[in-house]
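We did not get these values from a lab; they are worked out from the coordinates using the rules stated. For clarity, every value in this text was computed on a predicted model and none was experimentally measured. With ideal geometry, Cβ positions are generated from the backbone for all residues, glycine too; neighbour counts draw on all protein chains shown.
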Amino acid sequence: MVVRAWIVTASLALCCTASAYGQSLEWTRQLDGGGNDNGWAVSTDGFGSVYISGYTTGEFDGENAGSEDAFVSKFDVSGELQWSRQLGTNSIDESLGVAADELGNVYISGRTFGDLNGTNLGSDDAFLSKLGEDGTLLWTRQFGTNESDEAYGVAVDGIGGIYVSGTTEGDLDGSNSGGQDAFLVKYNADGIPQWTRRFGTTADDIGFGVSADVLGGIFVAGWTGGGLVDTTQVMAMPSCGSLTPMALSSGLVGRGFWGHRRGPRSGGRRFLVAST
């Protein structure tokens, strides 16, 4: 079975009534690397460009390095392909997140079983790569433990900070709490790590998505099989349906942060963590 990566954009168009909006399809683009091509994440920049990242067993940009290669492709506002870049080793390399900054740089996060930048630390390592406006690879950072480490989300804050969220089975920042722990790592624009924070329970905890606002807030969304909150610090706020605001017991970046849990879902709970 051959899988094709694709990307769709839609615009909001005013309908006949002033109270409703409809969506009109503007364009669809399909990428074909000649293998199994999976589009995993999408982002836009301030210039109207659209980026899609994922992984392929084919060849988007030169010869496949082996097995699955990570890739990122850039389209202009009209949907015309500007460039594609492929990163990989002779093992499995997958991009699971993408974000662009206001200067046109693009960042992809993911996992690698190979030596994408340095020696693999064990199992799959997380990675973050930065590419310039023209698709030139500027740097790659590979990080992890001797256990499984996977980077899912990536975000930029507009002042040079890059944030990566994911999951680790190792001791990425202190001793693992048990199973998979969620993590958040901050890099600066030069790819220098600023800090790493790991948080979790004795069950599995995964940080899937991350976002940063202009006020310095960082938000991580994910899934937990445990409590992930200090139940002695439940805030005195009313519940809204099944969603209860809760305060976590320590600061994510040395200051206060709070969390929401919603669930259960398949034996676990979805969570939202925010740093302030």
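Some values worked out for this structure:
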| read-out | value |
| --- | --- |
| Pairwise centroid distance, computed over Cα atoms, of segment 165-203 with segment 37-57, Å | 25 Å |
| Trp27 paired with Leu103, simple spin-label distance in nm, labels 7 Å along Cα-to-beta-carbon | 2.7 nm |
| Difference of contour (0.36 nm per residue) and Cα-Cα distance, Asp76 to Asn188 | 37.7 nm |
| Computed lengthening from Asn146 to Ser175, 0.36 nm per intervening residue step minus Cα-Cα distance | 9.2 nm |
| Val210 long-range amide H proximity, modeled H, under 5 Å | Val154, Ala221 |
| Modelled FRET efficiency - R0 25 Å, Ser123 with Asp213, Cβ distances, 0.05 increments | 0.15 |
| Sorted by Cβ density within 10 Å, fewest first, the residues Ser73, Ser165 | Ser73, Ser165 |
| Residue order, fewest to most surrounding Cβ atoms within 10 angstrom, among Ser91, Ser78 | Ser78, Ser91 |
| Ordering of 98-107, 59-68 by packing [mean C-beta count within 10 Å, highest first] | 98-107, 59-68 |
| Relative pair counts by distance (%), Cα atoms of segment 63-202, 10 Å bins | 13, 43, 33, 10, 1 |
| Rg(Cα)/(2.2 N^0.38 Å) for segment 29-128, N = residue count | 1.05 |
